[in-house]
Amino acid sequence: MPTSHRLSCITPPFILTRLLDSDNEAIRQAALATLLTTAQLRGEREVRGLIAGALAAPDDGRRSIFDCEQGTFLPRATLIRSEDDEPAADQSVNRAFDGFGATRTFYRDVLQRNSIDGRGMRLQGYVHRGRNYNNAFWDGQEMVFGDGDGQVFSDFTGSLDVIAHELAHGVTEHTAGLEYRTQSGALNESMSDVAGSMVKQWSLQQPADQADWLIGAEVFTPHIDADALRSMKAPGTAFDNKVFGKDPQPDHMDRFVNLPDTDEGDNGGVHINSGIPNKAFYLVSVGIGGNSWEAPGHIWYESMKASNPNTQFQDFADTTFHKADELYGAGSPEQQAVSAAWAEVGVQVTTSPRCGRR
């Protein structure tokens, strides 16, 4: 289901905006440059998509990693490592390559999906984009990594769940096509956090009750007092420091944050209100027990495929309840865990599933 979406970035804009008030000029300048270039990229997205489209043909998810060498024009980037190549001297290249491989294998072996689009789409990554670029993003055709400014953010290839998160935006584009705004956009972000956590936990063979449920624990430098970008287990607790403030994510509908549907408003709070469905998935996973990528992951994945661009939290909750019935039976422990989890975050499921509002 191809759709037109806004650029999907891992770093919430509210963090970059807060960094504009830093006493450190270098931090301020890096944040400003990242905000400005990200805004510019949103305008260039369709053009770059056309350029990259020629390379995105189905090919069993073969990987190609390019080095931007601090440049910003992707077609000039140098191909460093392809599918059958030996590891490169550049560890950013190798981390991106391995992260793509782990994510591709997860979708293939766990969800029986052939790459991002289900048809073997090639996986293309670009490292070392720009100077002091504090972000990583999926633009509909490829994934691009910044090196960070070295003071607040580090190299974004260092986090497997960030890589899986961004690639999952592509999966969402080719399934539900969730619009990147307000509740549907928060679901879009949450689906990527869910995928990022599952890929990391699957890679570590880590049961749900032993996982940290953190997204982007590796993206901050050791100088920054922050656990991660987000916590799925406890939204609102990932960070609380003088550099960029307190984590604003809610964990319940009573604390839903209403923001304008603008770039400055995070498209209606997509990186903020994603905390609510994130907490629901965490609760389902620990409620069922075992591994998040088994029953919880299959329920969420099948529900995403049954959703549409305008799906809201209530719609998705109802669909997960229905899919738990289809997959595991009415009144099963899995279905009961789904109902209890959504209720705990303030969404009461109904017995008649809705796939979305038109």
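The values are calculated or read from the model by the stated rules, or taken from the named source; none is laboratory data. Because the structure is predicted, anything quoted here is derived from the model rather than measured. Note that we place each Cβ from the backbone using ideal geometry, even for glycine, and neighbour counts take in every protein chain shown.
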Residue check for Pro235: in contact (Cβ under 8 Å) with a residue 24 or more places away in the chain and either surrounded by fewer than 23 Cβ atoms within 10 Å (Cβ to Cβ) or in the same structural domain as Leu111 (by TED's automatic domain parsing) (or both): no
Just need a number here: residues in the range 208-220 that are in contact (Cβ under 8 Å) with a residue 60 or more places away in the chain and surrounded by 15 or more Cβ atoms within 10 Å (Cβ to Cβ). 7
What's the number of the condition Asp84 fails, among (1) farther than 23 Å from Met198 by Cα; (2) at pLDDT 95 or above? (2)
Given the structure, is Asp147 in a loop (DSSP other than H, G, I, E, B), surrounded by fewer than 20 Cβ atoms within 10 Å (Cβ to Cβ) and not hydrophobic (A, V, I, L, M, F, W, C)? no
Working only within the range 258-282, note down all residues that are over 19 Å from Ile10 (Cα atoms) and of a type in the set (A, V, I, L, M, F, W, C). Ala280, Phe281
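Could you pull out the residue among Ala89, Ala168 that is free of Cβ contacts under 8 Å to residues at least 12 places away in the same chain and not assigned by TED's automatic domain parsing to the domain that holds Phe239?
Working: Ala168 fails: free of Cβ contacts under 8 Å to residues at least 12 places away in the same chain.
Every option except Ala89 fails the conditions.
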I'm checking my understanding of the structure. Among residues of the range 82-92 that are in contact with a Ser or Thr (Cβ under 8 Å, 6 or more places away or on another chain) and surrounded by 15 or more Cβ atoms within 10 Å (Cβ to Cβ), which one is nearest to Gly170 (Cα to Cα)? Glu83
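Would you be able to tell me the number of residues in the range 73-91 that are part of a helix (DSSP H, G or I) and either under 19 Å from Glu302 (Cβ atoms) or touching a Phe, Trp or Tyr at 6+ places or on another chain (Cβ under 7 Å) (or both)? Write out each step before concluding.
Initially, the range 73-91 is screened for residues part of a helix (DSSP H, G or I), giving 74-76, 91.
This time we only want the ones that are either under 19 Å from Glu302 (Cβ atoms) or touching a Phe, Trp or Tyr at 6+ places or on another chain (Cβ under 7 Å) (or both), so: 74.
Count: 1.
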Hey, any hits in the range 283-299 for a residue that's in contact (Cβ under 8 Å) with a residue 40 or more places away in the chain, in the same structural domain as Val194 (by TED's automatic domain parsing), surrounded by 23 or more Cβ atoms within 10 Å (Cβ to Cβ) and in contact with a Leu (Cβ under 8 Å, 6 or more places away or on another chain)? yes
Among (1) under 19 Å from the mean Cα position of the chain (by Cα); (2) under 24 Å from Ile224 (Cα atoms); (3) touching a residue at least 60 places away in the same chain (Cβ under 8 Å), where does Asp247 come up short? (3)
Please go through (1) on the phi < 0 side of the Ramachandran plot; (2) out of contact with any Phe, Trp or Tyr (no Cβ under 9 Å at 6 or more places or on another chain) for Tyr282 and return the number of the only condition it doesn't satisfy. (2)
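Being assigned by TED's automatic domain parsing to the domain that holds Arg119 and either among the aromatic types (Phe, Trp, Tyr) or more than 12 Å from the chain's Cα centre (by Cα) (or both) is the requirement here; does Asp139 meet it?
Details: assigned by TED's automatic domain parsing to the domain that holds Arg119: yes; either among the aromatic types (Phe, Trp, Tyr) or more than 12 Å from the chain's Cα centre (by Cα) (or both): yes.
Criteria met by Asp139.
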Within the range 79-100, restricting to residues that are within 16 Å of Asp147 (Cβ to Cβ) and among the polar types (S, T, N, Q), the one that is farthest from the chain's Cα centre (by Cα) is Gln91
For Ala77, all conditions in the list (1) exposed (fewer than 15 other Cβ atoms within 10 Å of the Cβ); (2) at pLDDT 90 or above hold save one; what is the number of the exception? (1)
Scan the range 197-207 and tell me whether some residue there is crowded, with 24+ Cβ neighbours inside 10 Å, in a loop (DSSP other than H, G, I, E, B) and among the β-branched types (Val, Ile, Thr). no
If Arg129 passes every condition in (1) buried (at least 22 other Cβ atoms within 10 Å of the Cβ); (2) under 18 Å from the mean Cα position of the chain (by Cα); (3) not acidic (Asp, Glu) but one, which one does it miss? (2)
Listing of helices (runs of 4 or more DSSP H) fully contained in the range 249-323 that carry 3 or more residues being in contact with a strand residue (DSSP E or B) (Cβ under 7 Å, 6 or more places away or on another chain): none
